[in-house]
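Step one of this worksheet: look at the structure below.
Rule-based calculations on the coordinates, nothing more; no lab input. Here the structure is a predicted model, which means the values were calculated and not measured. Here Cβ is always computed from backbone atoms with ideal geometry, including for glycine, and neighbour counts include all displayed protein chains.
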């Protein structure tokens, strides 16, 4: 099954390629060579070959998904530059009611596991 130049143009259009007329003939030859190779591969007897999804035998090497304890809050907060009421104290990024891209205030807010305090 050989592709025509019109079919190559259509493939280029569908693939959203900006093909120049000078490229069409070269691509036609290359695509026809690829299709010819695929036709040759269809002739290979694979009845004795077991289907695979990977070229290498893969096994799951991940650990079991089991819950583990976390660090105590006090240990985590030891590295916090500022803290308040058991939470990190961070500079406010956006003042309440302020649009993104406008100047931010210098106010700070505390962030805990539940969000902004």
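Take each of the peptides 54-63, 68-77, 38-47, average the number of other beta-carbon atoms within 10 Å over its residues, and list them starting from the highest.
Values: 54-63: 5.6, 68-77: 9.4, 38-47: 7.8.
Going by the mean number of other Cβ atoms within 10 Å, highest first, we get 68-77, 38-47, 54-63.
Quick one: if the Förster radius is 25 Å, what FRET efficiency do residue 42 and residue 7 give, using the C-beta to C-beta distance and rounding to 0.05?
That pair, residue 42 with residue 7, gives E of 0.80.
If r is the Cβ-Cβ distance from residue 54 to residue 77 and R0 is 30 Å, what FRET efficiency results, to the nearest 0.05?
The computed FRET efficiency comes out at 0.10.
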